[in-house]
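Okay, so here's the structure we're looking at.
The values are calculated or read from the model by the stated rules, or taken from the named source; none is laboratory data. Just so we're clear, the structure is a prediction, and the values are computed from it rather than from any experiment. So basically every Cβ, Gly included, is an ideal-geometry build from the backbone, and we count neighbours across all protein chains shown.
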C-alpha cells in the first residue's frame, strides 16, 4: 500500500480541508450514483440502514434515501444539514455495534489517514459489510492520501483485493469486482466473514 502522508494527523486534516475546498467538492452534486445503489442493493439485499461515508454533497444521501434506505451521511467537512460533520476515523467510536447494515464508501476510503482504523470502525458499526468505490490510478497519486496497490490495475482480481484489505479489517469476502475504465473506478462489496 502506498502512503501519501507520513505527517501528523492534524497536518493531514489541514491538507484534506485545503484539497477538498479547492476541488469544489462541497458544492458539486454527486451524480450517477443510481448504478452504485442498485449494485449495493443486489450485494446486500436485506440491508435497510446505510452509513454514507464521505458524503460531501447532500445529493448522495438523497439518492440513497430515494432508493428506500434509511441513511446517515458523514463527512469531514460539510455545509449541509443532511450530512453530519464527522471524521471517518471516529465511526467506530460514534455508534454502537451493528448500528447500520452496510457502509457506502464512494471515493472516500482513499482519502483516509489510516484505512485500518476506518475499516475496523465500519466493521464494528455495520453488521453486513461495506460497498466500496475507489478510483483507478495509473500510479501512486499525489492527490490521494492512501492508495491501495490494486487501484493501479485495470482489472484487479478478487484475491488481490481480499489479501490487501484483510490485514486491515479481518476476514472478508469479496464476491465480485467491477472495474469501470470509463469512470476510472473500481466497485466491489466487502462482506464480513
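Structure above, values below:
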read-out	value
Subset tally (residues that are closer than 16 Å to residue 54 by Cα and either at pLDDT below 90 or more than 15 Å from the chain's Cα centre (by Cα) (or both)) for the range 116-142	1
Top-ranked residue in the range 66-78 [being within 10 Å of residue 56 (Cβ to Cβ) and out of contact with any strand residue (DSSP E or B) (no Cβ under 6 Å at 6 or more places or on another chain); ranked as modelled with the highest pLDDT]	76
Residue match in the range 49-60 (condition: under 17 Å from residue 130 (Cα atoms), surrounded by fewer than 18 Cβ atoms within 10 Å (Cβ to Cβ) and at pLDDT 95 or above)	yes
Test: residue 80 is part of a loop (DSSP other than H, G, I, E, B) and either farther than 20 Å from residue 112 by Cα or under 15 Å from the mean Cα position of the chain (by Cα) (or both)	yes
Whichever residue in the range 58-74 is in a helix (DSSP H, G or I) and in contact with a helix residue (DSSP H, G or I) (Cβ under 8 Å, 6 or more places away or on another chain) and, among such residues, is farthest from residue 95 (Cα to Cα)	63
Positions within the range 170-182 being within 16 Å of the chain's Cα centre (by Cα) and part of a loop (DSSP other than H, G, I, E, B), in sequence order	174, 177
Residues of the range 166-176 classified as crowded, with 19+ Cβ neighbours inside 10 Å and either out of contact with any strand residue (DSSP E or B) (no Cβ under 8 Å at 6 or more places or on another chain) or at pLDDT 95 or above (or both), total	2
Residue that is nearest to residue 100 (Cα to Cα), among those in the range 143-153 that are in a loop (DSSP other than H, G, I, E, B) and at pLDDT 80 or above	148
Selection from the range 154-165 of residues that are crowded, with 16+ Cβ neighbours inside 10 Å and either at pLDDT below 90 or touching a strand residue (DSSP E or B) at 6+ places or on another chain (Cβ under 7 Å) (or both)	156, 161, 162, 165
Set 23, 41: member being modelled with pLDDT under 65 and either within 15 Å of residue 111 (Cα to Cα) or out of contact with any helix residue (DSSP H, G or I) (no Cβ under 6 Å at 6 or more places or on another chain) (or both)	23
Residue count for the range 96-106, restricted to those that are under 12 Å from the mean Cα position of the chain (by Cα) and either modelled with pLDDT of 95 or more or surrounded by fewer than 18 Cβ atoms within 10 Å (Cβ to Cβ) (or both)	4
